[in-house]
Every structure is written in C-alpha cells, then in structure tokens.
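Reading through the structure tokens given below for one structure.
The values are calculated or read from the model by the stated rules, or taken from the named source; none is laboratory data. Model, not experiment: these values are computed from the prediction. Positions of Cβ are generated from backbone atoms using ideal geometry, with glycine treated the same way; all protein chains shown enter the neighbour counts.
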Amino acid sequence: MLEKELAFYEKNLSNWLREYPGKFVIIKDEELVGVFDTNEQALSAAASRFGLDSYLIRRIQKKSEDIKLPALTLGLLYANPTHATYSTRTNA
Amino acid sequence: MPILHTQLTAQGQTPDGSAIHLPSTIALIQRGPIVQVTIGVEQNIAQQLLLQGIPLPQPVPGIALIDTGATSTCIDEAIAQKLKLPVVDVVSIASASHADSKQNVYPALIEVVGIAIKFNALRAIGVPLANQGIHVLIGRDLLQICTLFYNGMIGSFTLSI
C-alpha cells in the first residue's frame, strides 16, 4: 500500500526539508498535491479531493516517527488470561 | 468537562468449574482500563464526505484499552477496512510474531459510548487486535489531552477530557 507515494516522499525529502520543514504534505501517486501547516488541514483537503481513496500524508522531518507499542511488540496483551468474563459500570 | 468513571466487575472459575464473583480490583488487573467505544470516520474527512453527499459508514462498536505504554493509538485493521477508512501512511512496527512489519495508518474517530468523550485520531495504526478481545489501543498521542486517574485500590479508573 502507498509504495509509489512513499518512494516519491523519500526521493524528494531532502529538497522538501529545505522548502517545507515541519509542514504536512499530501502525496497521491507521484504528485505533491499540497503543503499544509497542520495534519487536520491536510486531511480535510485530501478528503475533499480524494474522498475515501488512500493517499500519503506525512510531516516533513528528518527523523521518522518514533513508535513504541510494547504491549504489541512483546505480545503482552492479556498474556496471562484467566478466562474471566466482565461487564462495565459507568457513572457520568 | 465530561468525566467517565468505570469500575469493572468480573466472574472467575474455581478449580471445580463453578463461577465466582471476582472483586473489582482483580477485574481491573485482568482486563485493564477498558471502555466501550465506537470507531468511525475521522471528523475532518466526515465533514468533506457529507459536503459531497457521500453517506458515512455506520460506526463500529468495540472495546478500547487505555494503554499508557503506547506512543500511538491503534485500531483493529479489520474494522478500519470494514469502514473503508483511507490509508494515509504506512509505518514499520515490531510485533510479537514479526521483527518488523508494515502497518497501515488510518484517521479515525473514537467515541466513548454513553458520554461526550471523543478522540479524533489523525494517525491510528491498523493492527490485528480483535482476536484479543479489544478493538482499540488508546495511546499517549490521544491521552495527551486527558486526565486519567487509575485507582487500583478499589479497582476503578476515571477518564476526563
């Protein structure tokens, strides 16, 4: 998914780091569709143009996103199940 | 300011198989801080679709685990696909079964059921979660706008936004 867009981003990143540092870009196929100050603005513009089609939205920055998901990485989600059933009680 | 206060209850089994009621403290240990949510189309996208007369898919109900260990929010990949959410990025993450796997990133709206707490998740990572009984991991990217009080002493937690 998004192979063309990701390759285009990597190819142009060094130029864009000079031109649009910290901005959010929309890329569709091999086209830079737009440059925005916020992710919300980029999403809104992309949805207006592409509906529910896929496209790449990335912030122009040197370092890629630092994602840490230890529960998934280490397989710890409910690692010690006891077959309990549950219900929730909420009070607003 | 909406405030969600939750106290879990649970049933366990004795060695002979009969059901017993477990205290809330144990339930919270077993299940963690979970909330009932719906997952739907992100607000900015929904607004644009409505302007174009495109009907929005119905939000999908699920269970969210508040995961203070996660930098990023995750949603169940199958739900994202069912809702036809647009893929807006692909990221690499390590999982228990794969050293480095490529996962889609989706914008999504996560609403807590029964209270006016909604998270407009601009970059939720799609991962297979449903087989573990949950559908969303609420990470620190969304918790940055929340107050979370975890009271292990009485098996409850409080979330406000």
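Observations on the structure shown:
- Inter-residue pairs, beta-carbon under 8 Å, first farther than 15 Å from A:Leu6 by Cα and in the range A:17-29, second surrounded by 19 or more Cβ atoms within 10 Å (Cβ to Cβ) and of a type in the set (A, V, I, L, M), 6+ apart: A:Leu17/A:Ile60; A:Tyr20/A:Ile60; A:Pro21/A:Ile60; A:Gly22/A:Ile60; A:Lys23/A:Ile60
- Residue match in the range A:43-51 (condition: surrounded by fewer than 16 Cβ atoms within 10 Å (Cβ to Cβ) and touching a Leu at 6+ places or on another chain (Cβ under 9 Å)): yes
- The single condition among (1) without any contact (Cβ under 8 Å) to a residue 24 or more places away in the chain; (2) surrounded by fewer than 17 Cβ atoms within 10 Å (Cβ to Cβ); (3) assigned to a loop (DSSP other than H, G, I, E, B); (4) within 11 Å of chain B (Cβ to nearest Cβ) that A:Met1 does not meet is (1).
- Residue that is surrounded by the fewest Cβ atoms within 10 Å (Cβ to Cβ), among those in the range B:50-97 that are acidic (Asp, Glu) and within 7 Å of another protein chain (Cβ to nearest Cβ): B:Asp89
- Cβ-Cβ under 7 Å pairs, at least 6 apart or on other chains, the range A:36-59 side free of Cβ contacts under 8 Å to residues at least 24 places away in the same chain and at the interface with chain B (Cβ under 7 Å from one of its Cβ atoms), far side outside any loop (DSSP other than H, G, I, E, B) and among the hydroxyl-bearing types (Ser, Thr, Tyr): none
- Residue check for B:Gln103: over 14 Å from the mean Cα position of the chain (by Cα) and buried (at least 18 other Cβ atoms within 10 Å of the Cβ): yes
- Looking only at residues of the range B:121-133 that are out of contact with any Lys or Arg (no Cβ under 9 Å at 6 or more places or on another chain) and at pLDDT below 95, we find that the one that is surrounded by the fewest Cβ atoms within 10 Å (Cβ to Cβ) is B:Asn131.
- Among the residues making up the range B:58-111, those that are more than 24 Å from A:Lys63 (Cα to Cα) and among the basic types (Lys, Arg) are B:Lys82, B:Lys84.
- All positions within the range B:19-58 that are in a strand (DSSP E or B) and among the aliphatic types (A, V, I, L, M): B:Ala19, B:Ile20, B:Leu22, B:Ile34, B:Val35, B:Val37, B:Ile39
- Every pair of residues 6+ apart whose Cβ atoms lie under 6 Å, when the first sits in the range B:11-33 and is more than 9 Å from chain A (Cβ to nearest Cβ) and within 22 Å of A:Ala71 (Cα to Cα) while the second is assigned to a strand (DSSP E or B) and at pLDDT 90 or above: B:Pro33/B:Ile66; B:Pro33/B:Phe157
- Residue match in the range B:106-122 (condition: in a loop (DSSP other than H, G, I, E, B), under 19 Å from A:Leu69 (Cα atoms), at the interface with another protein chain (Cβ under 7 Å from one of its Cβ atoms) and of a type in the set (A, V, I, L, M)): no
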